[in-house]
Amino acid sequence: MLTQARLKEFLHYDLDTGLFTRIKSAGCVAKGTVTGTRHNDGYLSTEIDKKGYLLHRLAWLYVYGEFPENEIDHIDGVRTNNKWANLRHANDFENAQNRKVPCNSTSNFTGVNFKAEYKKWVARISINRKRIHLGYYPSAELAHEAYKEAKQRLHTFNPNLR
């Protein structure tokens, strides 16, 4: 298990920029090089002692001396922004409150989809893995307004839309 002391032997974490830099050369990677490989899911990771780690979780270890019990939420939703002010501890329900618009969305709004059988837009929101039906609307914009209103009330960890 990686410790804070071992991490600090390899990397320096800048809280203001969110960047990790190499403290010493490793193979063909020079000292002072910014580390982080972007994955398909958008998160950055690096390898220490032949094991991969997500950088936002390493930031937590670097500052607190232990890995987080749950998840780390990127407050602005940008998975490569590992500035300390942008990271917070979250459980999976809280972390789900700032989901982005799915790539297969028919409306381009979070929580809004077209229901062909009714020829209307439906608004839904989830809280603690339970989906709440918010109603049917004649336009995606009106459905999205209903979603935003519900989000303010129900998503207390992250009530604002990006």
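Each reported figure results from applying straightforward, stated rules to the coordinates on display, with no laboratory input. Small disclaimer: the values here were computed from a predicted structure and weren't measured. Here the Cβ is made from the backbone with ideal geometry for all residues, glycine too, and neighbour counts use every protein chain on show.
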Of the listed residues (144, 89), the one being part of a helix (DSSP H, G or I), touching a residue at least 12 places away in the same chain (Cβ under 8 Å) and at negative phi is 144
In this structure, does residue 110 turn out to be touching a Leu at 6+ places or on another chain (Cβ under 9 Å) and either under 30 Å from residue 16 (Cα atoms) or not aromatic (Phe, Trp, Tyr) (or both)?
-> yes
Matching residues in the range 67-114 - criterion: being surrounded by 15 or more Cβ atoms within 10 Å (Cβ to Cβ) and among the charged types (D, E, K, R) = 71, 73, 79, 83, 88, 94
Would you mind telling me which numbered condition in (1) closer than 15 Å to residue 9 by Cα; (2) polar (S, T, N, Q); (3) in contact with a strand residue (DSSP E or B) (Cβ under 8 Å, 6 or more places away or on another chain) residue 25 fails?
-> (3)
